[in-house]
Amino acid sequence: MAEPAYVADTNILLRLAKPEDHDYPLVQRATTRLWDRGTEICYTPQNLAEFWNVATRPSGRNGFGLSIPETDRRVQVIESNMTLLADNELIHREWRRMVVFHSVSGIQVYDARLAAAMRVHGVTHLLTFNTQDFARYSGITAVHPRDVT
């Protein structure tokens, strides 16, 4: 049976880009295990926008404080090692359906958009630290990095 593809949540991408983060070893082990099994790890344009936001935000405001060239270099690493799930109109329609059906509000609209992209692209697994944020979405299996064996 083929290994299912995974989407890497932004919290995973951020930790992979910051080796001094205390969760870096856990995320590194989890992604390495997935790649060693031949698993395709994906990202969405939304992930990169969220990544860019945190990477370029000043460290005093809960960001990395990286320069544009350094952020661009780190994004290029993501782009060269993972598969882009491109945006399209179907994702927008699925997202609209999901936010109404699940009564999604506030910051959780971004998780709904990620779940919509996964559904449209047929990706069922998500690597994330926030597994509970995706529990409402049937067909999405949210996996914490510590649970990748």
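Quick look at the values:
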{"quantity": "Val143 long-range amide H proximity, modeled H, under 5 Å", "calculated": "Leu126, Leu127, Thr128"}
{"quantity": "Rounded to whole Hz, the Karplus (6.51, -1.76, 1.60) HN-Hα couplings of the range 10-25, x for glycine and proline", "calculated": "4, 5, 6, 4, 5, 6, 5, 8, 9, x, 7, 5, 5, 8, 3, x"}
{"quantity": "Stokes-Einstein D (µm²/s) once Rh is taken as the Kirkwood radius of the range 1-79 over alpha-carbon pairs, at 20 °C in 1.002 mPa s", "calculated": "162 µm²/s"}
{"quantity": "Residue-by-residue Karplus 3J(HN,Hα) for the range 134-149, coefficients 6.51, -1.76, 1.60, Hz, glycine and proline x", "calculated": "10, 4, 6, 9, 5, x, 10, 9, 8, 10, 6, x, 5, 8, 7, 10"}
{"quantity": "Candidates per GluC sites (Glu not before Pro) in the range 8-84, loop by DSSP, up to 16 other Cβ within 10 Å", "calculated": "Glu20, Glu40"}
{"quantity": "222 nm mean residue ellipticity, helices alone, for the chain (DSSP H n ≥ 4; -39,500 (n - 2.57); rounded to 500)", "calculated": "-15000 deg cm²/dmol"}
{"quantity": "Hydrodynamic radius by Kirkwood, which averages 1/r over all alpha carbon pairs of the range 6-139, in angstrom", "calculated": "15.5 Å"}
{"quantity": "Cα-centred dipole magnitude for the chain, charges only on beta-carbon of K, R (+1) and D, E (-1), debye, nearest 20", "calculated": "240 debye"}
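Every number here is computed from the coordinates shown, using simple stated rules; none is lab data. Because the structure is predicted, anything quoted here is derived from the model rather than measured. For neighbour counting, all protein chains shown are included, and Cβ atoms are generated from backbone atoms with ideal geometry for every residue, glycine included.
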